[in-house]
Amino acid sequence: MTRTREVNAANHAREESLPKTSAATVSAMLSELIETHIVKCDEAFPHPDDCPAHVISNVHKTAARIQSIRTSRTGACHLIELALDDGTSFTIRVEEV
């Protein structure tokens, strides 16, 4: 076996032994990104009334602030639930495909 094949075989064996990324990990990452976005928007201006909306669509002419974010699990699926101050709510579904 050539040195290149030995290295490729070793790398492949190592990759197979590593645990796979889970839906829980991806859900947590997305939740943290949303939470960080909320904090950055809220910290952008010294007065709370001057802070930009968290969710803005120039196309649809809408803007809303995220009032709450909640995560939950249903079987193999993880949910991220967002409630906005305009009365709408959304669920982001994270599952391995």
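Restricting the search to the range 82-97, which residues are surrounded by 15 or more Cβ atoms within 10 Å (Cβ to Cβ) and under 13 Å from the mean Cα position of the chain (by Cα)?
Once the filter is applied, which keeps residues that are surrounded by 15 or more Cβ atoms within 10 Å (Cβ to Cβ) and under 13 Å from the mean Cα position of the chain (by Cα), the range 82-97 yields Leu82, Ile92, Val94.
Within the range 41-75, how many residues turn out to be loosely packed, with under 11 Cβ neighbours inside 10 Å and either polar (S, T, N, Q) or under 21 Å from Ser27 (Cβ atoms) (or both)?
Matching residues across the range 41-75 total 5.
Quick one: count up the residues across the range 21-71 that are in contact with a His (Cβ under 8 Å, 6 or more places away or on another chain) and among the hydrophobic types (A, V, I, L, M, F, W, C).
7
Restricting attention to the range 81-88, does a residue exist that is on the phi > 0 side of the Ramachandran plot and small (Gly, Ala, Ser)?
Within the range 81-88, one or more residues are on the phi > 0 side of the Ramachandran plot and small (Gly, Ala, Ser).
Each reported figure results from applying straightforward, stated rules to the coordinates on display, with no laboratory input. All values derive from a computational prediction rather than experimental measurement. Cβ coordinates were reconstructed from backbone atoms using ideal geometry, including for glycine residues, and neighbour counts include every protein chain displayed.
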